[in-house]
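As structure tokens, the structure follows; a few thoughts come after it.
The values are calculated or read from the model by the stated rules, or taken from the named source; none is laboratory data. The model shown is predicted, which means the values in this text are computed figures rather than measured ones. A quick note on method: Cβ atoms are made from the backbone with ideal geometry, for glycine too, and the neighbour counts reach across all protein chains shown. The protein model used for the area step is the full one, side chains on, heavy atoms only, and it has no ligands, DNA or RNA in it. Shrake-Rupley method; radii C 1.70, N 1.55, O 1.52, S 1.80 Å.
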Amino acid sequence: MEKDRIKQAYLDFVLNEGHPPQSVFKLTQQLGVAEAEFYQHYPNFEAIDREIWADFGRQARETAAAEPVWEGYGSREKLLAFYYTLLEILKNNRSYALMSLRRSLHRIPALSPRVLDDFRQDFEYFVSDLLSAGRVSGEIANRPLVQDGYPRFFWQQALFVLGYFAKDDTVNFERTDAAVEKAVTLSFDLVGRNTLDSAVDFVRFLVRR
């Protein structure tokens, strides 16, 4: 497919030169296709970057879900499996991933770079499904007033993981693996049933008397 050729040519250029091509014309000239062919598939180079990151996320979800143990996992284990699979994909594409993250991650915490827009949308849908299943199983506390905001909370966690990966200088990104486990454990401790939920249940019991 011409679209795949264009995306691969863009990726090869970025890896070889350390920056995007100066213009669509230069890239299509190198490919030997008309400039109009590019615009049939992408509006600009940023759209290719967004699609590449969405591909990383989709591949991580599909690969993790294809494992035989997936169906036996709870929501926490599924999110961990997703992150670890994503990190392996990023390690296999580390030159592009690190270059893209270091170029794109905003210096102001909590703001999402546009390159991750499509990745973010897919991730939040994925997390919403995990949390819904977790509420059914009892792994996630039912908190109607705040739970609609959980996908955004978990997206901040994903940004933390990606930012940590971009700065990690340990062998095979070992500290990032450890950071993922601690971040996911903390987040599920917060959204799971805890002492506060028990206290609210007790107050409700007293009020009903």
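Residues of the stretch 128-147 being of a type outside the set (Lys, Arg), part of a helix (DSSP H, G or I) and at pLDDT 90 or above, which ones?
Just the residues of the stretch 128-147 that are of a type outside the set (Lys, Arg), to begin with: 128-134, 136-142, 144-147.
Applying the additional criterion that residues be part of a helix (DSSP H, G or I) yields 128-134, 136-137, 147.
Residues satisfying the conditions are Ser128, Asp129, Leu130, Leu131, Ser132, Ala133, Gly134, Val136, Ser137.
Filter the stretch 31-73 down to the residues that are surrounded by 14 or more Cβ atoms within 10 Å (Cβ to Cβ) and outside any helix (DSSP H, G or I) and list them by number. Within the stretch 31-73, Val33, His41, Tyr42, Tyr73 qualify. Criterion applied to Arg114, Arg76, Arg102 was being within 25 Å of Lys3 (Cβ to Cβ), open to solvent by 20 Å² or more (accessible area, probe 1.4 Å) and within 18 Å of the chain's Cα centre (by Cα), and the one residue passing it is Arg114.
Give me a count of the residues in the stretch 147-183 that are over 19 Å from Arg76 (Cα atoms) and aliphatic (A, V, I, L, M). Working first, answer last.
Filtering the stretch 147-183 for residues over 19 Å from Arg76 (Cα atoms) gives 163-175.
Right, trim to aliphatic (A, V, I, L, M) and you get 166, 171.
Number of matching residues: 2.
Picking from residues in the stretch 129-166 that are within 30 Å of Asn93 (Cβ to Cβ) and among the aliphatic types (A, V, I, L, M), the one that is most open to solvent (accessible area, probe 1.4 Å) is Ala133. Against the definition (part of a helix (DSSP H, G or I), under 17 Å from Ser100 (Cβ atoms), open to solvent by 20 Å² or more (accessible area, probe 1.4 Å) and in contact (Cβ under 8 Å) with a residue 24 or more places away in the chain), how does Lys7 come out, yes or no? When the stated conditions are applied, Lys7 passes them.
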